[in-house]
Amino acid sequence: MSSKRITTIGVVFGGRSVEHDVSIVTGQQVMRAFDKERFEVVPIYIDRDGKWFTGDALRDLKSFEKPVHTLDGVQEVILSPNTNHHGLIVNPLPSGLFGKSQIKRLDVIFAALHGTHGEDGTIQGLCELADIAYTGCGVLASALANDKIVSKVVLRQHGIPVLDAVSLSRAEWEEAPDRAVAHLLAVLKFPVFVKPATLGSSIGVARADDETMLRRNIDIASSFDRRVLVEAAFTGGVEINCAVLGGDHDIEASVLEQPITWEEFLSFEAKYLQGGEGMKSAERIIPAPLTEAMTQEIQEIAVRAFQAIDGHGTARIDFLVKPDTGEIFLNEINTMPGSLAFYLWQEKNMTAADVVEKLVKVAQAAQAEKRRNTYNYQTSLVSLTAARGLKGVKGTKRSASTE
């Protein structure tokens, strides 16, 4: 019998996001991928109201057809930010004479949360406070990639080609819609795509071919996010996707894929509601039918882009390409892709188990690197302030002449 220590993985999925259901599917796929002889997998489900739960029943998709708190063995939990706990507090609000809380220690948090609070740096920040290793990008990279407006600025600065676009806020749109449209049309020509700044899975994204459609689509997008991106449509080309895996200077690019339904725009329903298998069920060509030179160029840009945002773990990077002219534009960086793009690694003889194990190793390496940082800096400020009093914090006294 092997004496090798089993690593405890907390797989977090669900969440307060419009991509809640997508996250449940990804979470189930991740839990099934782990080698149960080497990893203890703890399901951690966040419901739509933000309550956290754990229990074996959460390993079954059918369990989510009814409120999970009614399921046998399911308990409420919280991820403790107390670094002494290093994990979950099970039954954080005990009731009854014999009720009590327990600590479930975790080695790694495997984030399988999509959209708001999942791939925007929020859950990553909580893991940082808890001092627990976590898979995927860090706070900064997650927030950057999740913001379609800011990410364009960063990518341009790193010489990575992106499409022209204009951004506006919900307040600007509600206060002066005619002025906003005039500004947009002075910069861009139809057709355009209207996108909420910080959502994925194509939610709230729509094409506009005229001003009427533009106004309607901005109304829709601004209901999902306070900031909206209006981007030049890419016509006469194809979408090409590339996954990346790793961190720092050890990042590998996957085989490329071409979704063949892209010309009609791959909506949320097309991605996730056709057979219930997530992105795997979408029609695609793997490997993408491109020249070796263009394939290599896209893979190199994908790695550069991931490094530009200081990415770790995995991402699926979506490109818009014209094979006949050689034009390549980076469309989006998805740091929490549906199904974690498992299917793109199969061509490199990597199983889903290989991918999740690699992500855990990258997470542990990133955590070890962070622990090399100095977080304590001893000074005498508190003792000196205590001795002298807090006079300085009251601000500068105003002279009589200024009153």
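Would you kindly derive the ³J(HN,Hα) couplings of the range 366-382 from the backbone phi angles with the Karplus curve 6.51 cos²θ - 1.76 cosθ + 1.60 (θ = phi - 60°), listing them in order in whole Hz, with x for Gly and Pro?
Computed from phi, the couplings for the range 366-382 are 5, 5, 4, 5, 5, 6, 7, 6, 8, 10, 10, 9, 6, 9, 9, 4, 5 Hz.
Give the order of Tyr343, Tyr134, Tyr45, Tyr377 when sorted by the count of other beta carbons within 10 angstrom, beginning with the fewest.
By the 10 Å Cβ count, ascending, the order reads Tyr377, Tyr343, Tyr45, Tyr134.
Extension gain Val187-Tyr375, at 0.36 nm per residue separation less the Cα-Cα distance, in nm? Kindly include the intermediate steps, with their values, before the conclusion.
Numbers: separation 188, 0.36 × 188 = 67.68 nm, distance 4.67 nm.
Extra length from Val187 to Tyr375 when fully extended: 63.0 nm.
Let me check I've understood the local charge: for Pro94, count other residues with C-beta under 12 angstrom from its C-beta, Lys and Arg +1, Asp and Glu -1. What total comes out?
So the environment of Pro94 carries a net charge of 0.
Choose one answer from Pro161, Pro67, Pro289: the residue with the largest mean-square fluctuation in a GNM of the chain with alpha-carbon springs under 10 Å.
Answer for the Gaussian network model of the chain: Pro67.
In this model, which of Lys152/Lys189; Lys152/Lys361; Lys4/Lys51; Lys104/Lys370 are farther than 26 Å apart at the alpha-carbon?
Lys152/Lys361; Lys4/Lys51
Say we join alpha carbon atoms closer than 10 Å with springs in a Gaussian network model of the chain; which of Leu113, Leu93, Leu340 then has the biggest fluctuation?
Leu93
Pop the C-beta distance of Asp35 and Val382 into the FRET formula with R0 = 35 Å and round what comes out to the nearest 0.05.
Approximately 0.10, to the nearest 0.05.
Which one of Ala145, Ile103, Leu256 has its Cα pushed farthest toward the positive end of the charge dipole of the chain, where Lys and Arg give +1 and Asp and Glu give -1 at the Cβ?
Ile103
Per DSSP helix of 4 or more residues, -39500 (n - 2.57); summed, then divided by the residues of the chain. What does that give at 222 nm, rounded to the nearest 500?
Numbers: 11 runs with 121 residues, N = 403.
The per-residue figure over the chain is -9000 deg cm²/dmol.
Sort Leu88, Leu290 so the one with the fewest other Cβ atoms within 10 Å of its own Cβ comes first.
Leu290, Leu88
First check a/c for the range 7-134, with a ≥ b ≥ c the square roots of the eigenvalues of its C-alpha gyration tensor; if it is under 1.5, answer rounded, and if not, answer prolate when a/b is larger than b/c or oblate otherwise.
Because its axes are fairly even, with a/c under 1.5, the range 7-134 counts as rounded.
Among Leu390, Leu71, Leu106, which one shows the biggest mean-square fluctuation in a GNM of the chain, springs joining Cα atoms closer than 10 Å?
For the chain, modelled as a Gaussian network with Cα springs under 10 Å, the answer is Leu390.
None of the figures in this text is laboratory data; all of them are computed from the coordinates on show. Quick caveat: nothing in here was measured; it's all calculated off a predicted structure. All Cβ positions, glycine included, derive from the backbone under ideal geometry; neighbour counts span all protein chains shown.
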